Amino acid sequence: MRFVLRNSATPEKHQIETMAGGVAVFDYNNDDRPDIYFSDGASIPELNKSDAKFWNRLYRNNGDGTFTDVTERAGVAGEGYSMGVAAADYDNDGRLDLFVAGVNRNILYRNRGDGTFEDVTAKAGLAPRIGERKPWSSAAGWFDSDNDGLLDAADKTGLQTKEAILTQADRILGSAVGRESVGNFAAELYQLQVIASRAKDPKFTEYTPALQTAMMQEIPAMFQAIVFDRNASALELLTTRNTFVTKELAALYGLPTTGLSSTALTATTLPADGPRAGLLTTAGLLSLFANQEEGSPTHRGRFIRETILCTPIQLPPANVNTELPDPPAGVVYTRKQKLAMHESIASCALCHKQMDPLGFPLENFDAIGKYRATDQGLTIDLSGELDGTTFTGPVELGKTLAAQPGAADCLVRNIYRYGTGHVETASEQVVLDNLKTSFRTGGYHVRDLMRDIVSSDGFRFVAPPAP
């Protein structure tokens with residue numbers, strides 16, 4: 001593949017020659033390989049592609065690391081001085097089309113599906129009307145004007161006020177897009193995509209791709225149900241007995257599997273006297289924060305500290321020895337008893353005291369999140385501690401965390417970061433504090449929090465106005 005951008009630079013002053021060049025990477029022939037389209041300039045001052053050297057170029061991906069120039073056959077050489085290009089399926093026929101923007105000529109190419117394109121600019125109503133000046137377009141883009149409406153409003157400066165923003169926010173939150181965004185937030189925050197590639201010891205025969213998929217889907221569905229179906233407090237995520245299972249996940253949880261699908265989630269209620277309740281007892285998180293053979297109180301506790309409470313844990317000292325001594329001959333230790341040795345090692349104690357006591361109440365669950373009654377044949381001590389508050393077992397752990405102001409504040413922080421796309425700066429602390437207060441006084445409703453975020457100065461401005 002050889003492409004040379006020809007902007008027809010001359011010693012004279014031409015603004016146009018500093019602006020040429022656009023590219024679209026798209027699968028024009030639906031062979032699951034990305035092809036490339038380059039836009040190119042034209043001769044000056046005529047502003048036309050008087051020579052083949054000025055043609056826009058379409059390169060077909062051969063699938064072997066090489067590309068073939070198919071411009072002429074495809075009929076997409078272009079006209080005028082081309083600049084921007086964007087690909088999208090404008091007519092919903094399953095084939096990606098091209099819009100090429102430029103000086104003297106904008107062109108909409110419809111993909112025929114046979115390797116060629118048809119110029120439908122005039123047919124689509126995009127050609128200049130009689131008497132209108134020829135176009136000078138420097139970029140191209142697509143948006144869903146007749147279904148979404150958001151970009152139309154933005155283009156008409158319709159999102160300048162908080163009221164207008166909230167109107168659009170309510171519309172989105174009431175649609176499938178809003179529900180999907182909340183699910184995506186949960187999947188990203190809790191790193192659920194990692195489950196798909198997380199290997200386990202072959203002894204865990206239940207750990208199949210179907211179970212891994214269900215693990216990744218359960219938590220987003222739980223969060224979506226709390227936010228949209230029940231409009232309940234977000235803190236219920238830590239304590240709820242309501243969840244969603246497939247046949248494989250139900251079997252892992254010891255629930256009836258009759259009538260359940262292996263591919264679709266079904267709402268269910270966990271036993272009121274059972275060991276599972278809330279996010280921290282889902283198989284997805286339990287297996288994610290474990291090693292291949294057994295659960296890890298340290299990894300689980302660190303997740304709670306850093307992701308649920310937003311409390312960073314220091315990295316271990318350089319060259320620290322992470323191996324714990326074996327018990328004396330003939331003596332068997334539970335995982336908790338073994339990890340307790342950290343408290344006697346100065347270089348380990350400070351951090352492990354913040355993590356391990358939060359992971360110990362989850363020791364009834366193995367490396368894939370399946371319940372177990374004993375560890376090494378011994379009774380498991382499920383007692384834990386959080387900053388002076390003691391509790392026993394996973395259910396009490398979830399309740400204790402839900403009662404911590406830091407858990408709600410951390411959720412606000414994480415949703416704010418997700419919504420704004422960056423870690424907050426010092427100037428945004430006032431905005432965050434206000435969001436935390438309104439979240440708390442409003443009953444911890446995520447929909448209200450999302451409305452408050454998008455209408456806040458931290459979201460609306462590059463930097464919030466100084467106080």
Protection-proxy order for peptides 259-270, 176-187, each taking the mean of Cβ atoms within 10 Å per residue, highest first:
176-187, 259-270
For Pro405, the net charge from surrounding residues (Cβ-Cβ under 10 Å; K, R +1; D, E -1) works out to +1
Sticking with the crude label model, points 7 Å out along Cα→Cβ, report the distance from Arg372 to Ser50 in nm, one decimal please.
8.0
Separation of the His422 and Ala210 label points, Cα + 7 Å toward Cβ, nm:
4.7
Dipole in debye (nearest 20) - segment 222-373, about Cα centre, beta carbon charges: Lys, Arg +1; Asp, Glu -1
220
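In whole percent, how big is the carbon plus sulfur part of the accessible area of segment 194-278, probe 1.4 Å, protein atoms only? Present the calculation step by step, with values, prior to reporting the outcome.
Values: 2070 of 3750 Å².
Solvent-exposed carbon and sulfur of segment 194-278 make up 55 percent of the total.
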For segment 366-434, state which trypsin sites (Lys or Arg not before Pro) are in a DSSP loop and have at most 13 other beta carbons lying within 10 Å of their beta carbon.
Arg372
Only residues of segment 305-340 count here: report those whose backbone N is under 11 Å from the spot 7 Å along Cα→Cβ of Leu350, or say none.
314-317
Which entries of Lys203/Lys370; Lys200/Lys353; Lys336/Lys370; Lys247/Lys370 show an alpha-carbon separation above 20 angstrom in the structure shown?
Lys200/Lys353
Which residue, chosen from Gly393, Ala232, Val177, occupies the Cα position most advanced towards the positive end of the dipole of the chain, where the dipole is computed from +1 (Lys, Arg) and -1 (Asp, Glu) charges on Cβ about the Cα centre?
Ala232
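Counting only other residues whose beta carbon sits under 13 Å from that of Gln314, what net charge do I get with K and R as +1, D and E as -1?
That sum, taken over residues with Cβ under 13 Å, equals +2.
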Just the number, please: carbon plus sulfur as a percent of the accessible area of segment 280-375, 1.4 Å probe, no ligands or DNA/RNA counted.
53
Looking at Ala140, Ala367, Val23, which one has the Cα that reaches farthest to the positive end of the dipole of the chain (charges on Cβ: Lys, Arg +1; Asp, Glu -1)?
Ala140
Could you tell me which residue out of Ile195, Ser456, Gly125 lies farthest along the dipole of the chain toward its positive end? Charges go on the beta carbon: Lys and Arg +1, Asp and Glu -1, centred on the Cα centre.
Ser456
Ignoring ligands, DNA and RNA, please state the percent of accessible area on segment 379-442 from carbon and sulfur, probe 1.4 Å.
53
Residues of the chain: accessible area per residue with a 1.4 Å probe, Å²:
51
Relative contact order computed over the chain (Cα-Cα under 8 Å; 6+ residues apart), in percent
10
Are there trypsin sites (Lys or Arg not before Pro) in segment 211-277 that DSSP puts in a loop and that have at most 16 other Cβ atoms within 10 Å, and which ones?
Arg230, Arg241
With label points set 7 Å from each Cα along the Cα-to-Cβ direction at Val25 and Thr268, the distance between them in nm comes to 4.2
Relative contact order for segment 322-467: what percent, with Cα pairs under 8 Å and sequence separation of 6 or more?
14
In percent, how large is the relative contact order of segment 387-467, given Cα pairs closer than 8 Å and 6 or more residues apart?
27
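Loop only by DSSP, 13 or fewer other Cβ within 10 Å of the Cβ. Give me the GluC sites (Glu not before Pro) in segment 25-110 that pass, ordered by residue number.
Of the GluC sites (Glu not before Pro), the ones in loops of segment 25-110 whose Cβ has at most 13 other Cβ atoms within 10 Å are Glu46.
The values are calculated or read from the model by the stated rules, or taken from the named source; none is laboratory data. On a predicted model such as this, the values are computed, not experimentally measured, just so you know. Every residue, glycine as well, gets a Cβ built from its backbone with ideal geometry; the counts of neighbours run over all protein chains shown. What goes into the accessible areas is simple: the full protein's heavy atoms, side chains included, and nothing from ligands, DNA or RNA. Shrake-Rupley method; radii C 1.70, N 1.55, O 1.52, S 1.80 Å.
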